[in-house]
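Below: the structure, in structure tokens.
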Amino acid sequence: MTWFFRNGTSKLTSTRTRARSIPCSSPQECVLQHRRCIEQRCEHAEVSALRRRSDTVLFTVCVNYTLSNATLPRWQRYADIHGYDWLWVGSRNVSITGVATAAWDRVFIAQQLFRRGYLDVMHVDGDSAVLAWETPIGQYVRNATGPFGAAPASSFLYVSQDVGRFGRYWPSERDFRRGISLHTDSQLTGPNNFGIWLMRNHPNAHEALAAVISHSQNPGRSFQKFPAEQGTLNAWLGENCTCHSVRGTREAKRNGTTCHYAQAPYGTFQRFLGRLDNSVHHKPQDGWESNVSAVLRSYREAGVIVLHMPSMQLFQGFLRLTFSAVERLFPIGRLLGA
């Protein structure tokens, strides 16, 4: 997933506690540790060690992902070239996250980064790569003629429409009552994908993160099966926030809301490689490398800023080929044709 939250004028000042990850003997003990840490505003060690140099931070939570050494250095170089801070959280802290599965960690980290005073917080998945590296993310999301151009300045979240049927699904009233937007087969639902996103430090951001965290300790498959955190946030957004897209506006279910977020049509802010997006096969065949290169060039020419490769861990060769092609075709620091 990809999301971007922006920070407005609000600031959080508090005492922060660096928390050691202490194994718990039972789910109940994990939940109690989590609650204590929420009250004490605990931080992951990586967040505590971060020295803020910028108003914008890019971060990822990537634990034991075999391709992280191939994907994350590119994001770090992108952050460096634009003067952003970069954070890679490479371990879990159950004292903070309790019984929540790893997919929920990004929500806790984002909350901690806002308490550090960041104005813009961007999350990137470990299976993604920036294509249009010369474009600052802040400039991209605020471009009046870009894919987020229909959004008002008060928008707190910049996110991509999910792909396929997920992108067409809007959570129902039944979903809201359950506090989550999952289909009966526990598949993820739309309308937004949260692998890549940008968020502002804004009262709506604080409220959204707190709401999602409040569901993180819910037991059972519906909440702890990946990507339940995406369904939870989608349900909260549909109930409380108006969605602005260049394809139209969808009002929040709750009347009188002042919460707004921006949604880019799928295939603009981010795009997947594989599945139904193109004809490139996941297993080696004649012309494999040239086909991948041609698709990547077409994505970049179409203005896609982020390549995303979710659920492709079974195709390690395909992933390595693709990410090496990104480095070869679009090396950071050298413009095309230079």
Could you calculate the contour length gain from residue 277 to residue 81, that is, 0.36 nm times the residue separation minus the distance between their Cα atoms, to one decimal place in nm? 67.5 nm
Once R0 is set to 22 Å, what does the formula 1/(1 + (r/R0)^6) return for the Cβ-Cβ distance between residue 53 and residue 143, expressed as a FRET efficiency to the nearest 0.05? 0.30
Ranked highest first by the average count of other Cβ atoms within 10 Å around their residues, in what order do 242-255, 86-99 fall? 86-99, 242-255
Using a Förster distance of 22 angstrom, determine the FRET efficiency expected from the C-beta separation of residue 91 and residue 26, and round it to 0.05. 0.50
Label-point separation, residue 316 to residue 329 (7 Å along Cα→Cβ), nm: 2.4 nm
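Each value in this text was obtained by applying a stated rule to the coordinates, not by laboratory testing. Note that the structure is a prediction, hence the values are computed from the model and not measured. Positions of Cβ are generated from backbone atoms using ideal geometry, with glycine treated the same way; all protein chains shown enter the neighbour counts.
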